[in-house]
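Peer 1: Let me give you the structure first, and then I'll get to my questions.
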Amino acid sequence: MFIKVSSATNLGLETLGVDVEINIASHGLPTFEIVGLPSKAVDESKERVRTAIINSNIEFPARRIIVNLAPADVPKEGSFYDLPIAAGILALVLKNQLPKKSLFFGELSLEGKLRHTRGCLLLALFAKEQGLENIFVPKASANEAAIVSGIKVFPIESLDQLMAYFLGKIQIEPAKYQAKEKNKEERAEFDMKEVLGQEQAKRAAEIAAAGGHNLFMVGSPGSGKTMLARALPGILPPLNEKESLEVTKIYSAAGNIPPDGSLISECPFRAPHHTISQAGLIGGGSTPQPGEISLAHRGVLFLDEFTEFPRSVMEALRQPLEDGHLTISRSKARACYPARFILIASSNPCPCGYLYHPQKACICSQREIRKYRKRISGPILDRIDLHIEVPVVDVKELSGLETESSEKIRERVVRAREVQRKRFLTEKIFTNAEMKNSHLKKYCPLLKKEVRQLLNRAALSFHLSARSFFKMIKIARTIADLEGAEEIAVPHMAEALQYRMKVHYE
Amino acid sequence: MISLNQNSKLKIEISDSRYPKLLKELGRDAPKQLYYRGNWDENILENCLAVVGSRRMSSYGKQITEKLVSEIAGAGITIVSGFMYGIDAQAHKAALEVGGRTIAVMPCGIDLIHPDYQSELYQEILKNNGLVVSEYEGKFLPTLWTYPRRNRIVAGLSKAVMVVEAGEKSGSLITANFAKKLKRKIIVVTGPLTSSLAVGINQLIKEAAEVVTSARDILEFFGRELIRTTETRSLSADRDRVSDSSMEQRIIAELQKEPMEIDFLARNLGISASEIGRIISVMEIKGLIQGENGKYYVH
């Protein structure tokens, strides 16, 4: 007896169709084998399938069962072959046909229930692309798959239910997509109005959010750098439909979508600890998994205590910061992940942290400070537009000070993003920060003589490098967008100059 | 540490007629020989002022050193210091900036540059007709005891010692002590009582050091006139530069009270972070104010 069940495997963000061929031989000793380069997790599928079928009160055939995963030369990973194998065996035992143009995907528990399985969104997209009609996925993953319209997503709870469906005893209602949106309290840990003082830092955060600029904050411990960064998601604009799908795909591939999860509509915020490995940050593994930078795609990557990150990890950020995506190549597989994020980095001014502190004395020598600052890679600093110093705040002095809420700042950010979206309709970029020099000429001509004069004088008195010179124009463009100004004027440029790199690190 | 090529010819024995007379006043403690780099010419040793201070220089210390030394060195006084980072290095730099001459007394052998990251400053001193001297030959490494020994040469070469910022157990106090023994004039720059860098200064004031209020005080001591065209200004007086807007004037008025961070400035003036940034940038370009370590002060 032979049956072919369709399934698929995800390699990075790409999906490859896999045929699960099952043969139950009428001769030979009872055995259950999986061939076709299964990994350990796939091979263990045998035990899960056998036990789940038995626990669903179905007799497991004591025959020679061979499962082949084709194409047989691609290494197979993951636990989602459980459902196609079990469905195939059930169909053979029940002498039933499986529904046509259908994909099966999901992990089994020993009691015969289905578990939430990663990558269902990618599977659904693949099914639609291939012109298939039905996909059978675990119930907990069905909402994720149902994001894709135009195919029937069958939410499966258990093998019992699937068997009843095969026998025509019950009908299973295809899942309907239900969007879940976070309310504004859930968006960020803090509201901007909870951050006391730090007016300039907050303004810099607003500019960073509006133009997608990277931001570097230097300040003593307790000055509020971390709090400010954690308040940032509250002022980021919502993702548009295209961005939303991009981000959700990455999260689906990484298995970061919770059961019954839906499209991710808010900018992601990732804050990995500084002990992170290079593979953890950039992505990697023998079958390359997305790293933190890809999980922060279209959102914010916050690297606190930036100087503590290993140099090799820091340097690895260079290429993705420039390109907005990266390809991870390993001997077994290759995967390309997008990684267009806002980098927010923060560090202390010196090893003890109290350099320039109004009350505490710094105990570091000049040599130690120099060594500390040298830990930050120059090329990375070059790719950061906004640089600010965060002063220590006397909380007692400031309590009761009225400040703007995140909601209000967010409105301005959303408006500025809309202006940029329209500006770059014909380009492949979305934000001012992504502009290359050719874009600057086209979209930011410094028409006003006074603006050019100001910038040139600043370049002389502040010793701006060529790269900083262009950064200033980009920041000025964002400031003008926040104001809704058509053209960059003197005040915009003057403010932009405040965010230049004032400390030299190397 | 950077090693230089050996050049043992540049050496002056205590018996040499070129040996600085002021230094001989150290008596038995006078160094037996001085190794040097640069051109040994007697003029440079004629009118020397030692400028010493803390390694942990504050932005105030930096500002004052720059201001005073540039006016003093501009009038032809040689600035002597210990080539350490902080006030010492700042004093050398300020002297070089106005084309003045300066002498660096090293705590290590003459063939070493210490600290090595100041090698650029080292070369600048030599290029501007300055001197680098040391009592130690070759590649003698600096050790804990060579720093205070070095200070006696700094004091010994100078007619007066100016101390800018000194902590409780600062090396600058050792220099001042040598100056006291040699009956040289000790001049101090006052600091706020709350600052740890004023502890040593206040100690010196109690021991009857003189307080400097403008470069003219020091120039009068040397019997010199200011050769710059601009008048020496009292350090706290209003600046004669005119700013065009009332907000700029208000900012200057605020900053004259004390240097402060941009956020504090904005709060005191009641304007937003973006507004203040716009004004501050323009004022910085005009040279009205200067930012240093996150704080702004009137230039």
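Peer 1: Could you say whether any residue in the stretch A:258-267 is part of a helix (DSSP H, G or I) and closer than 19 Å to A:Thr478 by Cβ?
Peer 2: There is no residue in the stretch A:258-267 that is part of a helix (DSSP H, G or I) and closer than 19 Å to A:Thr478 by Cβ.
Peer 1: Return the only residue of A:Gln171, A:Gln200, A:Gln178 being without any contact (Cβ under 8 Å) to a residue 12 or more places away in the chain, among the polar types (S, T, N, Q) and touching a helix residue (DSSP H, G or I) at 6+ places or on another chain (Cβ under 9 Å). Reasoning before the result, please.
Peer 2: Working: A:Gln200 fails: without any contact (Cβ under 8 Å) to a residue 12 or more places away in the chain; A:Gln178 fails: without any contact (Cβ under 8 Å) to a residue 12 or more places away in the chain.
That would be A:Gln171, the only listed residue that is without any contact (Cβ under 8 Å) to a residue 12 or more places away in the chain, among the polar types (S, T, N, Q) and touching a helix residue (DSSP H, G or I) at 6+ places or on another chain (Cβ under 9 Å).
Peer 1: Can you run down the residue pairs with Cβ atoms below 9 Å, 6 or more apart or on separate chains, where the first is in the stretch B:7-28 and over 19 Å from B:Arg152 (Cβ atoms) and assigned by TED's automatic domain parsing to the domain that holds B:Phe178 and the partner is charged (D, E, K, R) and exposed (fewer than 12 other Cβ atoms within 10 Å of the Cβ)?
Peer 2: Between residues of the stretch B:7-28 that are over 19 Å from B:Arg152 (Cβ atoms) and assigned by TED's automatic domain parsing to the domain that holds B:Phe178 and residues that are charged (D, E, K, R) and exposed (fewer than 12 other Cβ atoms within 10 Å of the Cβ), the close pairs are B:Arg18/B:Glu42.
Peer 1: Is the stretch B:76-85 home to any residue that is among the aromatic types (Phe, Trp, Tyr) and in contact with a strand residue (DSSP E or B) (Cβ under 6 Å, 6 or more places away or on another chain)?
Peer 2: Checked against the condition, which is being among the aromatic types (Phe, Trp, Tyr) and in contact with a strand residue (DSSP E or B) (Cβ under 6 Å, 6 or more places away or on another chain), the stretch B:76-85 yields at least one hit.
Peer 1: Just to be sure I understand, how many residues within the stretch B:167-190 are of a type outside the set (S, T, N, Q) and within 14 Å of chain A (Cβ to nearest Cβ)?
Peer 2: Within the stretch B:167-190, residues that are of a type outside the set (S, T, N, Q) and within 14 Å of chain A (Cβ to nearest Cβ) number 4.
Peer 1: Out of all the residues in the stretch A:472-491, which are under 18 Å from A:Lys442 (Cβ atoms), within 14 Å of another protein chain (Cβ to nearest Cβ) and in a helix (DSSP H, G or I)?
Peer 2: Restricting attention to the stretch A:472-491, the residues satisfying the condition of being under 18 Å from A:Lys442 (Cβ atoms) are A:472-478, A:480-481, A:485-488.
Still in the list and also within 14 Å of another protein chain (Cβ to nearest Cβ): A:472, A:475-476, A:478, A:480-481, A:485, A:488.
If the condition is that a residue be under 18 Å from A:Lys442 (Cβ atoms), within 14 Å of another protein chain (Cβ to nearest Cβ) and in a helix (DSSP H, G or I), then A:Met472, A:Ile475, A:Ala476, A:Thr478, A:Ala480, A:Asp481 are the ones that fit.
Peer 1: Which one is surrounded by the most Cβ atoms within 10 Å (Cβ to Cβ), of the residues in the stretch A:128-151 that are among the small types (Gly, Ala, Ser) and farther than 29 Å from A:Phe60 by Cβ? I'd like the intermediate steps shown before the answer.
Peer 2: Quick first cut of the stretch A:128-151, residues among the small types (Gly, Ala, Ser) only: A:131, A:140-142, A:145-146, A:149-150.
Next, only the ones that are farther than 29 Å from A:Phe60 by Cβ stay: A:131, A:146, A:149-150.
On the way: A:Gly131: 9, A:Ala146: 23, A:Ser149: 9, A:Gly150: 9.
Only one residue fits best here, namely A:Ala146.
Peer 1: Given (1) in a loop (DSSP other than H, G, I, E, B); (2) touching a residue at least 40 places away in the same chain (Cβ under 8 Å); (3) of a type outside the set (A, V, I, L, M, F, W, C), identify the lone condition not met by A:Pro272.
Peer 2: (2)
Peer 1: Another question, if that's okay. Within the stretch A:226-234, identify whether any single residue is touching a strand residue (DSSP E or B) at 6+ places or on another chain (Cβ under 9 Å), of a type in the set (D, E, K, R) and either surrounded by fewer than 24 Cβ atoms within 10 Å (Cβ to Cβ) or closer than 23 Å to A:Ile384 by Cβ (or both), and answer yes or no.
Peer 2: Yes, because at least one residue in the stretch A:226-234 is touching a strand residue (DSSP E or B) at 6+ places or on another chain (Cβ under 9 Å), of a type in the set (D, E, K, R) and either surrounded by fewer than 24 Cβ atoms within 10 Å (Cβ to Cβ) or closer than 23 Å to A:Ile384 by Cβ (or both).
Peer 1: Related question: Considering the stretch B:114-124 alone, what residues qualify as being away from every other protein chain (no Cβ under 14 Å) and over 17 Å from the mean Cα position of the chain (by Cα)?
Peer 2: B:Gln123
Every residue, every condition in (1) small (Gly, Ala, Ser); (2) crowded, with 18+ Cβ neighbours inside 10 Å; (3) within 10 Å of the chain's Cα centre (by Cα), yes or no:
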site	(1), (2), (3)
B:Glu13	no, no, no
B:Arg37	no, yes, no
B:Ile64	no, yes, yes
B:Ile79	no, yes, yes
B:Ala89	yes, yes, yes
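Peer 1: Let me ask something additional. Kindly provide the set of residues from the stretch A:406-433 that are modelled with pLDDT under 90 and surrounded by 13 or more Cβ atoms within 10 Å (Cβ to Cβ), ordered by number. Can you show your working first?
Peer 2: Here is the first cut: in the stretch A:406-433, the residues modelled with pLDDT under 90 are A:427-430.
Result: A:Glu427, A:Ile429, A:Phe430.
Peer 1: Only one residue in A:Glu181, A:Glu186, A:Glu199, A:Glu206 is within 14 Å of chain B (Cβ to nearest Cβ), closer than 17 Å to A:Leu236 by Cβ and out of contact with any strand residue (DSSP E or B) (no Cβ under 9 Å at 6 or more places or on another chain). Which one? Outline the logic, then answer.
Peer 2: Details: A:Glu181 fails: within 14 Å of chain B (Cβ to nearest Cβ); A:Glu186 fails: within 14 Å of chain B (Cβ to nearest Cβ); A:Glu199 fails: closer than 17 Å to A:Leu236 by Cβ.
None of the others qualify; the one that does is A:Glu206.
Peer 1: Right, another one. Given (1) on the phi > 0 side of the Ramachandran plot; (2) away from every other protein chain (no Cβ under 14 Å), where does A:Leu215 come up short, assuming only one miss?
Peer 2: Going through (1) on the phi > 0 side of the Ramachandran plot; (2) away from every other protein chain (no Cβ under 14 Å) one by one, A:Leu215 breaks only (1).
Peer 1: For residues that are under 29 Å from A:Ala480 (Cα atoms), surrounded by fewer than 15 Cβ atoms within 10 Å (Cβ to Cβ) and more than 29 Å from the chain's Cα centre (by Cα), tally how many sit in the stretch A:153-208.
Peer 2: Adding up the residues that qualify gives 0.
Peer 1: Out of the residues in the stretch B:276-292 meeting the condition of being of a type in the set (D, E, K, R) and buried (at least 18 other Cβ atoms within 10 Å of the Cβ), tell me which one is farthest from the other protein chains (Cβ to nearest Cβ).
Peer 2: Applying the filter and picking the extreme gives B:Glu284.
Peer 1: So which residues in the stretch B:260-271 are out of contact with any Lys or Arg (no Cβ under 7 Å at 6 or more places or on another chain) and more than 7 Å from chain A (Cβ to nearest Cβ), if there are any at all? Step through it out loud before you land on a result.
Peer 2: Start the filter on the stretch B:260-271 by keeping residues that are out of contact with any Lys or Arg (no Cβ under 7 Å at 6 or more places or on another chain), which leaves B:262-268, B:270-271.
Once the filter is applied, which keeps residues that are out of contact with any Lys or Arg (no Cβ under 7 Å at 6 or more places or on another chain) and more than 7 Å from chain A (Cβ to nearest Cβ), the stretch B:260-271 yields B:Phe264, B:Leu265, B:Arg267, B:Asn268, B:Gly270, B:Ile271.
Peer 1: Restricting to the stretch B:143-162, give me the number of residues that are under 27 Å from B:Gly109 (Cβ atoms) and either outside any helix (DSSP H, G or I) or not assigned by TED's automatic domain parsing to the domain that holds B:Lys67 (or both).
Peer 2: Selection size over the stretch B:143-162: 5.
Peer 1: Test of understanding: among A:Arg467, A:Arg452, A:Arg457, which residue is within 11 Å of chain B (Cβ to nearest Cβ), out of contact with any strand residue (DSSP E or B) (no Cβ under 8 Å at 6 or more places or on another chain) and surrounded by fewer than 17 Cβ atoms within 10 Å (Cβ to Cβ)? Don't jump to the end; show me each part of the working.
Peer 2: Working: A:Arg467 fails: within 11 Å of chain B (Cβ to nearest Cβ); A:Arg452 fails: within 11 Å of chain B (Cβ to nearest Cβ).
Only one candidate passes the filter, namely A:Arg457.
Peer 1: Separate question: For residues that are outside any strand (DSSP E or B) and more than 17 Å from B:Thr175 (Cα to Cα), tally how many sit in the stretch B:37-55.
Peer 2: First pass over the stretch B:37-55, keeping only residues outside any strand (DSSP E or B): B:39-47, B:54-55.
Cutting the leftovers down to more than 17 Å from B:Thr175 (Cα to Cα) gives us B:39-47.
Total satisfying the criteria: 9.
Peer 1: Shifting gears a bit: Looking for something within 14 Å of chain A (Cβ to nearest Cβ) and in a loop (DSSP other than H, G, I, E, B) - is there at least one such residue anywhere in the stretch B:57-75?
Peer 2: So far as the stretch B:57-75 goes, yes, one or more of its residues are within 14 Å of chain A (Cβ to nearest Cβ) and in a loop (DSSP other than H, G, I, E, B).
Peer 1: If A:Val503 satisfies all but one of (1) within 10 Å of another protein chain (Cβ to nearest Cβ); (2) hydrophobic (A, V, I, L, M, F, W, C); (3) assigned to a helix (DSSP H, G or I), what's the number of the condition it fails?
Peer 2: (3)
Peer 1: What's the number of the only condition in (1) small (Gly, Ala, Ser); (2) at pLDDT 90 or above; (3) surrounded by 20 or more Cβ atoms within 10 Å (Cβ to Cβ) that A:Gly12 fails to meet?
Peer 2: A:Gly12 satisfies every listed condition except (2).
Peer 1: Give me the helices (runs of 4 or more DSSP H) completely within the stretch A:284-401, filtered to those with at least 1 residues that are crowded, with 16+ Cβ neighbours inside 10 Å and more than 14 Å from every other protein chain (Cβ to nearest Cβ), ordered by residue number. Outline the logic, then answer.
Peer 2: Working: elements: A:292-295, A:311-315, A:318-323, A:366-374, A:378-382, A:395-398.
By residue number, A:292-295, A:311-315, A:318-323, A:378-382.
Peer 1: Would you confirm, using the coordinates I've provided, whether B:Val132 is within 16 Å of B:Pro20 (Cβ to Cβ), at pLDDT 90 or above, outside any loop (DSSP other than H, G, I, E, B) and in contact with a Lys or Arg (Cβ under 9 Å, 6 or more places away or on another chain)?
Peer 2: Yes: the conditions hold for B:Val132.
Peer 1: Let me ask you something else. Give me the residue from the stretch B:165-213 that is polar (S, T, N, Q) and in contact (Cβ under 8 Å) with a residue 40 or more places away in the chain and, out of that set, surrounded by the fewest Cβ atoms within 10 Å (Cβ to Cβ). Walk me through it before giving the result.
Peer 2: If we filter the stretch B:165-213 for residues that are polar (S, T, N, Q), which is where we start, we get B:170, B:172, B:175, B:177, B:190, B:194-196, B:202-203, B:213.
From what is left, the residues that are in contact (Cβ under 8 Å) with a residue 40 or more places away in the chain are B:170, B:172, B:175, B:195.
Working: B:Ser170: 23, B:Ser172: 31, B:Thr175: 29, B:Ser195: 16.
Looking at residues that are polar (S, T, N, Q) and in contact (Cβ under 8 Å) with a residue 40 or more places away in the chain, I get B:Ser195.
Peer 1: Under 30 Å from A:Thr327 (Cβ atoms), more than 29 Å from the chain's Cα centre (by Cα) and not basic (Lys, Arg): which single residue out of A:Gly17, A:Gly36, A:Gly28, A:Gly12 fits that description?
Peer 2: The unique qualifying residue is A:Gly36.
The values are calculated or read from the model by the stated rules, or taken from the named source; none is laboratory data. Predicted model only: the values in this text are computed from it and were never measured. Glycine also receives a Cβ, built like all others from the backbone with ideal geometry; neighbour counts cover every protein chain displayed.
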